[in-house]
Amino acid sequence: MKLFPSGHATHPQWRMAAALVLAQLRAQMALPGYAAAPTLGLLYITDHYADEARALLDFLSAELPEVTDWSGTVGVGVAANNAEYFDEPALSVLLLDVPADQYRVFSGVAPLPTHPPHATGGSFAAHTALVHADGHTPELAELLAEMAARTETGYLFGGLTASRGASVQFAVGGNGNIAGQGHATGVFDGGLSGVAFGAGVALVSRVTQGCQPVGPLRAITAAQENVVLALDGEPALDVLLDTLDVTLDGDPQPALRKVRATLAGLVNAGEQPQGQRRTGHFGTDTRVRHIVGLDGARRGVALADRVEAGMRLAFCQRNVAAARADLVRICAEIREELAPEAVELAAGAPELLQHEKRICGAIYVSCSGRGGPHFGGQSAELQIVRHALGDVPLAGFFAGGEIAHHHLYGYTGVLTVFVADE
């Protein structure tokens, strides 16, 4: 694989922004180090363009006829190499140099098969998948788990659409339409869509958390639906107030202000949370959820997720310094994983060849509550990524929830890089 052409722009008129992006893509495609004829495109737009999504996709498809497959969605912001666009009309495009037999675009009307390819007579086997989803989709957590089961590794990455208007998704496969989608135009609203990648597409993906624990990890010993009733045998509300060193007696407003700034990190029953113990930060086993209410009668704490006895919970708060350090950490881990390896030239031969991998492109999905405003300045989050990861082609969006493994996260960033042998 060669470097992935990428482009990004902002303009009140979508056609002008698209023209600027096309100029960047064509200039890169003419360079020797970049892919000259990629067939898969990722398109991310801010919600300012949501109502014009179909016209925008048709325009790009007509101008780039060699790109036969498209995927993407809308966010309140979009990401590019060293830049992010929040609350302004913008788009970000990445053209992936991936072999045609190593990917499949899917959507609700053209889903991935539930059976192995040898059982259906097919040849493509999904290894990993980039997923875009509508957060209002019923039973979304179950759908993500089912989608993960359709891949060989069980690894998904992506995010939820985030829009103040239409929550559109793009899904076009093979000369303009996916087999089975009928007269659909490639612009969808609701459900899941994305791109499944085969085993021949090498990628490295990491999750960075944006919250830091403010109390110890405790076992949920009693719960009902989304209400935590007891932690380590004590009333959950009492544990929360003790952790925050506040009381509801007298004027409750100071205590409620602290509660509103607090979230809950959940770990599934049976999983071993190592991240918090090792680094003082949450690991990928922890999913951060909002506290949505206090149950004074039962001394419980209501969360924006179902909970059950046996799960573990740590109260947490957003922390800029911790988020910055963790973002740098995952970039360093990716660089370390791509470091040169010593490879024998032949069996028994004493000479060793340095085997190095390089990044061809990257996808970054970050929470809409992160971005430059959270990190201290315009485009600050993406500048951290570029400084730590290097000058690589990148596209992405700021989501209403982030997807990694088969979990749905909040206040996180999911960074995925595509790699090839040097």
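The values are calculated or read from the model by the stated rules, or taken from the named source; none is laboratory data. Note that this is a predicted model, so its numbers are computed, not measured. Ideal geometry is used to build each Cβ from the backbone, glycine not excepted, and the neighbour counts take in all protein chains shown. Please note that ligands, DNA and RNA were not included when accessible areas were found on the heavy atoms of the full protein model with its side chains. Shrake-Rupley method; radii C 1.70, N 1.55, O 1.52, S 1.80 Å.
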Complete set of residues in the range 235-251 that are under 12 Å from Leu313 (Cβ atoms) and in contact with a helix residue (DSSP H, G or I) (Cβ under 9 Å, 6 or more places away or on another chain): Leu240
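Test Val227 against the stated conditions and say whether it is buried (at least 18 other Cβ atoms within 10 Å of the Cβ) and at pLDDT 95 or above. Give the derivation first.
On the way: buried (at least 18 other Cβ atoms within 10 Å of the Cβ): yes; at pLDDT 95 or above: yes.
So Val227 fits the description; yes.
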From the set of residues in the range 230-240 that are touching a residue at least 12 places away in the same chain (Cβ under 8 Å) and surrounded by fewer than 20 Cβ atoms within 10 Å (Cβ to Cβ), which is farthest from Leu112 (Cα to Cα)? Asp238
With the requirement that a residue be within 23 Å of the chain's Cα centre (by Cα) and open to solvent by 40 Å² or more (accessible area, probe 1.4 Å), what does the range 40-91 give you? His48, Asn82, Phe86, Asp87, Glu88
For the range 1-88, list the strands (runs of 3 or more DSSP E) that sit wholly inside it and hold at least 2 residues that are in contact (Cβ under 8 Å) with a residue 24 or more places away in the chain and closer than 14 Å to Phe170 by Cβ; which are they? 40-46, 69-75
Unmet criterion (only one of (1) at pLDDT 90 or above; (2) assigned to a strand (DSSP E or B); (3) over 16 Å from Gly75 (Cα atoms)) for Gly396: (3)
